[in-house]
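The values are calculated or read from the model by the stated rules, or taken from the named source; none is laboratory data. Keep in mind it's a predicted model, so treat the numbers as computed, not measured. Heads up, the Cβs are rebuilt from the backbone with ideal geometry, glycines too, and the neighbour counts pull from every protein chain shown.
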Amino acid sequence: MKKVSLLAILATVAGGAAMAVDAAPSNCPKAFQGFHIGGNLGYGVGKGSQKISLLDNTAPHNGDSVSNDLGYNGVDGGVGVGYTHRFCNWAFGIAFDANWASTSGRVRVQDHTSGGVGNPLTLTGKANLKNSLQLYGRAGYVIGQMAMPFVGLGWDNSEWEHKISDSLWGGFTPAFVKTSKKRYNALLWKLGVDFLATKHVVVGFEYTGTSAGKKSFTAVDPRNTTQTYRASFKPQYNKFAITAKLVY
């Protein structure tokens, strides 16, 4: 009889504790947590450091070189996947984005020395961002289970097209054109905020910045094979975008 009573008491206590756990609200809700697929659409602006040199130390060229900042801008958007995990109000995750851009810009500099007096040479540099692959980590803080400001840090690999050309002032067709396509590795940083639209839909906006190292190329002028051009380009890029994610 005592054994039966003891078992009944233990069962009653266990059942009451289970009901209390089920009835109690969770201290760590899971909004924003899970795997996601999504997209972004935005606008990019930036400035690249450019130098174009003519490797000819004879007159009238005398090793001419031009250094300037090449500005560019354009539409930039893409798709991405990732995962976010909640630790109460803190959220940490990793994401990968693939973007395609129509960002471009050009700059022209008139060089009187190379073209001779009264017939100056115009050097033109042009840059185009084609696409980028981005891998980064995110850390955020959930406010009111509805908004999550976050910061991100990671790696960017982008394809840039750098083109140089020269022509006599007033000429309609460049006398010499050389195009180089290279992929640049860059440091990536990100700031943004996500908003919970529905249980599984997150929308937001973000800023992404990248800064890459310098790359260069050389090209021989087919009109005069004794003249070789060397061009270098170092891009910095800023993108502002709206985002949407499906979290599950």
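So, of the residues in the range 211-248 that are part of a strand (DSSP E or B) and among the polar types (S, T, N, Q), which turns out to be modelled with the lowest pLDDT? Among them, the one singled out is THR228. Taking strands (runs of 3 or more DSSP E) as the structural unit, those lying wholly within the range 89-169 and holding at least 1 residues that are among the hydroxyl-bearing types (Ser, Thr, Tyr), surrounded by fewer than 18 Cβ atoms within 10 Å (Cβ to Cβ) and at pLDDT 95 or above correspond to 90-111, 121-141. All told, GLY74 meets the bar of being over 19 Å from ALA219 (Cα atoms) and modelled with pLDDT of 95 or more.
Looking only at residues in the range 183-209 that are buried (at least 18 other Cβ atoms within 10 Å of the Cβ) and without any contact (Cβ under 8 Å) to a residue 60 or more places away in the chain, which one is farthest from the chain's Cα centre (by Cα)? The selected residue is GLY204. The residue of the range 204-234 that is nearest to PHE176 (Cα to Cα), among those that are among the aliphatic types (A, V, I, L, M) and touching a Lys or Arg at 6+ places or on another chain (Cβ under 8 Å), is ALA219. For ASP69, are the conditions met, namely being at pLDDT below 95, among the acidic types (Asp, Glu) and touching a Lys or Arg at 6+ places or on another chain (Cβ under 6 Å)? Yes.
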